[in-house]
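Undergrad: Here it is, the structure in full.
Please treat every number below as a calculation from the coordinates, not as lab data. This is a predicted model, so every value here is computed, not measured. Backbone-built Cβ (ideal geometry, glycine too); neighbour counts: all protein chains shown.
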Amino acid sequence: MTPQQQELRQTRNPVAVDIVGLNKWYGSFHVLRDVDLRIARGERIVIAGPSGSGKSTLLRCINRLEDWQEGSVVVDGVELTDDLKKIEDVRREVGMVFQQFNLFPHLTVMQNCTLAPIWVRHMPRKAAEDLARHYLERVQIPEQAGKYPSQLSGGQQQRVAIARALCMQPKIMLFDEPTSALDPEMIKEVLDTMVMLAEDGMTMAVVTHEMGFARQVANRVALMDAGQIIEMSEPARFFENPQHERTKLFLSQILR
Amino acid sequence: MSDTAPRAPKRPRVDPLYDPRVRAAVYQVLLLLLLLWLGYQVAVNVRANLVAQNIATGFGFFGITAGFGINQSLIPYQEADTYGRAFVVGLLNTLLVSAIGIVFATILGFIIGIARLSPNWLVARIAGGYVELIRNLPLLFQIMFWYVAVLSPLPAVRQSIGIGFQPLVQRLADGLAWLNFDLAKAAAGLVQRFAVWIGPPEVFLNNRGLIVPEPYFHSGAGIVCAALLAGIVATIAMRIWARRRLDATGQTFPVFWASIGLVVGLPLAALVVLGFPVGLVQPELRGFNFVGGIRLIPEFVALVLALTTYTAAFIAEVVRAGILSVSRGQTEAAAALGLPRKRVLNLVVVPQAMRVITPPLTNQYLNLTKNSTLAAAIGYPDLFSVFAGSTLNITGQAIEIIAITMAVYLTISLVTSLLMGWYNARIQLAERA
Ligand SMILES: Nc1ncnc2c1ncn2[C@@H]1O[C@H](COP(=O)(O)OP(=O)(O)OP(=O)(O)O)[C@@H](O)[C@H]1O
Ligand SMILES: [Mg+2]
């Protein structure tokens, strides 16, 4: 695709993610019930909800780490089906950050960051390393490039994971509880990195219970319960004036 | 960071009775003294016994005529040859069985280990059944099973079972002919002609063993070997070049297929151009025996089969554990970056799994080598049965023979460990201690 075509598609297609009537079962257990979610380009969505409500599952459908039985997911104009080619195309444009970091322990920080640009984007190593250095600087750990993940603190590891995803220069970033495995003093450094990304206009879908972060950067906040999006509104309304009893209960539990 | 840290303070004094370093040293000295005393006691006793039994000491027996036959030897050997030569024959037989066993057990083990993780229910169950059956039966029993129950009842030489493509194709032709309608009969005729064109089977099985084709080397064979060598060198050069190109341009190169092309293609071209100076002589039944081909004795076949299938079951478990040790998060993170499945496996899963697999894999190699001494049970002439068996019985020189046998197995094991340790060091990662 030429840059012109790409631009054309972007202007024509302001929708980054379009989920319609999504239903998923694990055996007889109904994890996702008729989920509809549309994320606009540049929009930042925070998804909250009790444990086991299907937040991770929903997020993982966006890059097809999970498949589903009913409904459709269109990412950046590409409908996700069993077609492996399309799945790989979408994953290239969608970065993901996991709760457990999932850095590759046998590779250095630098190699973690350059692996996909080299093997997927076919970048020359030199260019990939320059790119990696750029993003490691953005997440403020340029001096750790030669270390192995196990030699870093949790907060540093999660920032490397963010840099690794950014090195693919994705259009959309997914975060699945990126700070839940971190000690309190490290949460802030990771959240700061995410705020910075948001300020750059990245399209983001974030599963988190960090309500301060949601208030600060989210365009919309969603509450999930038992596989459904119960309530979704802009942060002010969501926190100040929730419509559903379930949301009020959840907020009272989490904000205390 | 460390340059700003203050210098390490002096260790505060500790009562020696409670100092862990002093304690460790004391225990080690005590253990060493105990071992020395034990060794001394053994030596004194053995010497007294030998003197009492009037047995010669020293290594002079190596030059004496052995006087017993050996039913498989890689170097020429007759009864009139010395114990020294018998020793070498036994050693080579042990090395042969171990090397072949290790290669096949590794291949079979990896296949079964991976099959056990297959999403295909039937494949996974069959692999699981194999492992459970094989690893729960004694190895000695399995050796006897192959030797007594499978190989002994095989037909005599004249009724040898041919293994190869031709018998299969022949059977297909027979089957088609049996269908007995026009189209099938026409097809049967075609297949029959194809069977004739393929020629006789390559491998024969009978109660005297396994007869396999024998390689021949005519003049010009050297050039073919040179071509093979050139292919290997070219492959290494090509891999370095591909690596550089990947670094420079990010373009991948089909290294695997190019390697095969070079390593197989070059010698093949040389073969054709030179009119096949290297090839295989097909064994052929003439009268009561086979002409051409190499005969592998049943003892050898049974031992290799048993050691291979037995060790493969354990290697399969090692491989399975290694692959399972790589968490799902790793695969998911790699897939989420857009890496194709093949790259996820060979860039992320396999390198991590191999770190876990190598040390226990080394153990399995050592076990296989040591287990090869069970050859004695079926009369395969390995080092143990030739040397620590026949030779020891006749000469009675227990100390020397046991010491040498011990030294040989120890050396084989240490060399194996060293090689695997070197490989392991290459793939280990630096981690925080
Ligand atoms: N592979 C699976 N097989 C069966 N059930 C599963 C599987 N994965 C998840 N589930 C179930 O699906 C439900 C939703 O899981 P999910 O991980 O999406 O929840 P979540 O909202 O992310 O919860 P948490 O806040 O604990 O991460 C849970 O009840 C979980 O037990
Ligand atoms: Mg979750």
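Undergrad: Under 8 Å for C-alpha pairs, at least 6 residues apart: give me the relative contact order for chain B, rounded to a whole percent. Before the final figure, lay out each step's value.
TA: Details: 487 pairs, mean separation 91.2, N = 433.
It rounds to 21 percent for chain B.
Undergrad: Further, regarding this structure: Arranged by the count of other C-beta atoms within 10 angstrom, fewest first, what order do B:F256, B:F59, A:F238, B:F145 take?
TA: Values: B:F256 8, B:F59 12, A:F238 24, B:F145 15.
Ranking B:F256, B:F59, A:F238, B:F145 by Cβ neighbours within 10 Å, fewest first, gives B:F256, B:F59, B:F145, A:F238.
Undergrad: For the protein assembly as shown, just list the percent of Cα-Cα distances falling in each 20 Å bin from zero outward, please.
TA: Distribution as computed: 12, 33, 30, 20, 4, 0 percent.
Undergrad: Return the average number of partner chain Cβ atoms within 10 angstrom of each residue Cβ along peptide A:101-114. Intermediate values should be presented prior to the final figure.
TA: Working: counts 2, 9, 3, 9, 9, 13, 5, 2, 0, 0, 1, 2, 0, 0.
Going residue by residue through A:101-114 and averaging, the value is 4.
Undergrad: From the Cα gyration tensor of chain A, with a ≥ b ≥ c the square roots of its eigenvalues, which class applies: rounded if a/c is under 1.5, or else prolate if a/b is larger than b/c, or else oblate? Walk me through the intermediate numbers first.
TA: Details: a/c = 1.70, a/b = 1.26, b/c = 1.35.
Note, shape of chain A comes out oblate.
Undergrad: Could you work out the local net charge near B:V318, counting Lys and Arg as +1, Asp and Glu as -1, over the other residues with Cβ closer than 14 Å to its Cβ?
TA: Working: positive: B:R116, B:R135, B:R320, B:R355; negative: B:E317.
Around B:V318, the surrounding residues sum to +3.
Undergrad: Same structure again: Over segment B:221-272, what relative contact order in percent results from Cα pairs under 8 Å that are six or more residues apart? Intermediate results must be reported in sequence, preceding the final value.
TA: On the way: 36 pairs, mean separation 28.8, N = 52.
Here the relative contact order equals 55 percent.
Undergrad: With θ taken as phi - 60° and the coefficients 6.51, -1.76 and 1.60, list the Karplus ³J(HN,Hα) couplings across segment A:129-145 in order, rounded to whole Hz; mark glycine and proline as x.
TA: Whole-Hz 3J(HN,Hα) from phi for segment A:129-145: 5, 4, 4, 4, 4, 4, 6, 5, 5, 4, 8, 6, 9, x, 7, 9, 3.
Undergrad: I need B:E332, B:E284 ordered by Cβ neighbour count within 10 Å, fewest first. Display every interim value, and only then the final one.
TA: Numbers: B:E332 17, B:E284 13.
By the 10 Å Cβ count, ascending, the order reads B:E284, B:E332.
Undergrad: Right, something else. For segment B:89-100, just list the computed ³J(HN,Hα) in residue order, Karplus coefficients 6.51, -1.76 and 1.60, θ = phi - 60°, integers in Hz, with x standing in for Gly and Pro.
TA: Karplus-based 3J(HN,Hα) across segment B:89-100 equals 4, x, 4, 4, 5, 5, 4, 4, 4, 5, 4, 5 Hz.
Undergrad: Taking each residue in A:116-127, count the Cβ atoms of any other chain within 10 Å of its Cβ, then average. What number comes out?
TA: Values: counts 8, 2, 5, 11, 6, 2, 5, 2, 7, 7, 3, 3.
Other-chain Cβ atoms within 10 Å of each residue's Cβ, averaged: 5.
Undergrad: For A:P142, what charge total do you get from the other residues with a beta carbon under 15 Å from its beta carbon, if Lys and Arg give +1 and Asp and Glu give -1?
TA: Working: positive: A:R133, A:R138, A:K147, A:R159, A:R164; negative: A:E129, A:D130, A:E137, A:E143, A:E189.
Computed value for this residue: 0.
Undergrad: Please work out whether chain B counts as rounded, prolate or oblate from its C-alpha gyration tensor, where a ≥ b ≥ c are the square roots of the eigenvalues and a/c under 1.5 means rounded, while otherwise a/b larger than b/c means prolate and anything else oblate? Walk me through the numbers on the way to the answer.
TA: Details: a/c = 1.96, a/b = 1.18, b/c = 1.66.
Since a/c reaches 1.5 but b/c is at least a/b, the shape of chain B is classed as oblate.
Undergrad: Rounded to the nearest 0.05, what FRET efficiency is calculated for A:E240 and A:Q100 with R0 set to 35 Å and r the Cβ-Cβ distance?
TA: Working: r = 34 Å, r/R0 = 0.97.
With R0 = 35 Å, the Cβ-Cβ based efficiency is 0.55.
Undergrad: Indicate the gyration tensor shape class of segment B:221-272 (rounded, prolate or oblate), computed on the Cα atoms with a ≥ b ≥ c the square roots of the eigenvalues: a/c under 1.5 is rounded; otherwise a/b larger than b/c is prolate and the rest oblate.
TA: Working: a/c = 5.07, a/b = 2.62, b/c = 1.94.
Prolate, because a/c is 1.5 or more and a/b exceeds b/c.
Undergrad: Continuing with the same structure: Would you please give the residues with an amide H less than 5 Å from that of A:E231, counting only those at least 5 places away or on a separate chain, with H modeled from the backbone geometry?
TA: Those lying under 5 Å, H to H, from A:E231 are A:L223.
Undergrad: On to the next question. Take every Cα pair under 8 Å in segment A:187-244 that's 6+ residues apart, average their separations, divide by the length, and report that relative contact order as a whole percent.
TA: 22
Undergrad: Collect residues whose amide H, placed 1.01 Å from N in the peptide plane, falls under 5 Å from the amide H of A:V15; neighbours closer than 5 in sequence don't count.
TA: A:R41
Undergrad: Given charges of +1 on the Cβ of Lys and Arg and -1 on the Cβ of Asp and Glu, with all other atoms neutral, how large is the dipole of segment A:33-156 about its Cα centre, in debye to the nearest 20? Walk me through the intermediate numbers first.
TA: Values: 17 positive and 17 negative charges, 88 e Å.
Rounded to the nearest 20 debye, it is 420 debye.
Undergrad: Size of the dipole of the protein assembly as shown about the Cα centre, Lys and Arg at +1 and Asp and Glu at -1 on the beta carbon, nothing else charged, in debye to 20? Display every interim value, and only then the final one.
TA: On the way: 61 positive and 51 negative charges, 155 e Å.
In debye, rounded to 20, the protein assembly as shown gives about 740.
Undergrad: With r as the distance between the Cβ atoms of B:A48 and B:T82 and R0 = 30 Å, compute the FRET efficiency 1/(1 + (r/R0)^6) and round to 0.05. Display every interim value, and only then the final one.
TA: Numbers: r = 30 Å, r/R0 = 1.01.
Efficiency computed from Cβ-Cβ geometry: 0.50.
Undergrad: OK, next. How many nm is it between the label spots at A:S252 and B:T249, if each spot is 7 Å from the Cα in line with the beta carbon?
TA: 6.7
Undergrad: Let me ask something additional. Given 0.36 nm per residue, what is the gain on full extension from B:L133 to B:L34 after removing their alpha carbon distance, in nm?
TA: Working: separation 99, 0.36 × 99 = 35.64 nm, distance 4.36 nm.
Gain in length upon complete extension: 31.3 nm.
Undergrad: Would you mind working out the magnitude of the charge dipole of chain B relative to its Cα centre, with +1 at each Lys and Arg C-beta and -1 at each Asp and Glu C-beta, to the nearest 20 Debye? All intermediate terms of the calculation are to be shown ahead of the outcome.
TA: On the way: 31 positive and 18 negative charges, 298 e Å.
Roughly 1440 debye for chain B.
Undergrad: Taking each residue in B:337-348, count the Cβ atoms of any other chain within 10 Å of its Cβ, then average. What number comes out? If you can, show how the numbers build up before the last one.
TA: Working: counts 18, 16, 7, 7, 2, 0, 4, 1, 0, 0, 8, 5.
Counting Cβ atoms of other protein chains within 10 Å of each residue's Cβ and averaging gives 6.
Undergrad: May I pose another question? Using packing as a proxy for protection, rank B:313-326, B:27-40, A:242-255, B:389-402 so that the peptide with the highest average count of other Cβ atoms within 10 Å comes first. Please report the intermediate quantities before stating the final value.
TA: Values: B:313-326: 20.6, B:27-40: 9.9, A:242-255: 14.1, B:389-402: 17.2.
Descending packing order for the listed peptides: B:313-326, B:389-402, A:242-255, B:27-40.
Undergrad: What pairs from A:K126/A:K147; A:K24/A:K171; A:K24/A:K248 go past 22 Å between their alpha carbons? Could you put the intermediate results ahead of the total?
TA: Numbers: A:K126/A:K147 18 Å; A:K24/A:K171 26 Å; A:K24/A:K248 27 Å.
Among A:K126/A:K147; A:K24/A:K171; A:K24/A:K248, the Cα-Cα distance tops 22 Å for A:K24/A:K171; A:K24/A:K248.
Undergrad: If each of A:D82 and B:A321 carries a label point 7 Å out from its Cα toward its Cβ, how far apart are those two points in nm?
TA: 3.7
Undergrad: Using each residue's phi in segment B:399-411, evaluate 6.51 cos²θ - 1.76 cosθ + 1.60 at θ = phi - 60° and report the 3J(HN,Hα) Karplus result to the nearest Hz, with x for Gly and Pro.
TA: 4, 4, 5, 5, 4, 5, 4, 4, 4, 5, 5, 4, 5
Undergrad: Continuing with the same structure: Take the alpha-carbon centre of segment A:22-72, take the same for segment B:99-125, and report the distance between them in whole Å.
TA: Segment A:22-72 and segment B:99-125 have Cα centres spaced 37 Å from each other.
Undergrad: Could you work out which residue, out of A:P235, A:P117, A:P184, moves most in a Gaussian network model of chain A, that is, has the largest mean-square fluctuation with Cα springs under 10 Å?
TA: Ranking A:P235, A:P117, A:P184 by mean-square fluctuation puts A:P184 first.
Undergrad: Then there's this: May I ask which residue of A:L65, B:I223, B:Y147 lies farthest towards the positive end of the charge dipole of the protein assembly as shown, with charges of +1 (Lys, Arg) and -1 (Asp, Glu) on Cβ and the Cα centre as origin?
TA: B:I223
Undergrad: Using amide H atoms built 1.01 Å from N in the peptide plane, name the residues 5+ places from A:F175, or on other chains, whose amide H lies under 5 Å from its own.
TA: Under 5 Å from the amide H of A:F175: A:V97, A:A205, A:V206, A:V207.
Undergrad: A further question follows. Taking Cα centroids, how far is segment B:227-280 from segment A:141-206 in Å?
TA: Using only Cα atoms to place each centre, the spacing works out to 44 Å.
Undergrad: Could you compute Rg(Cα) / (2.2 N^0.38 Å) for segment A:61-185, with N its residue count?
TA: Details: Rg = 15.2 Å, N = 125, 2.2 N^0.38 = 13.8 Å.
Ratio of Cα Rg to 2.2 N^0.38 Å: 1.11.
Undergrad: With point charges of +1 on the Cβ of Lys and Arg and -1 on the Cβ of Asp and Glu, referenced to the Cα centre of segment A:89-234, which listed residue (A:Q156, A:F213, A:Q144) lies farthest in the positive direction of the dipole?
TA: A:Q144
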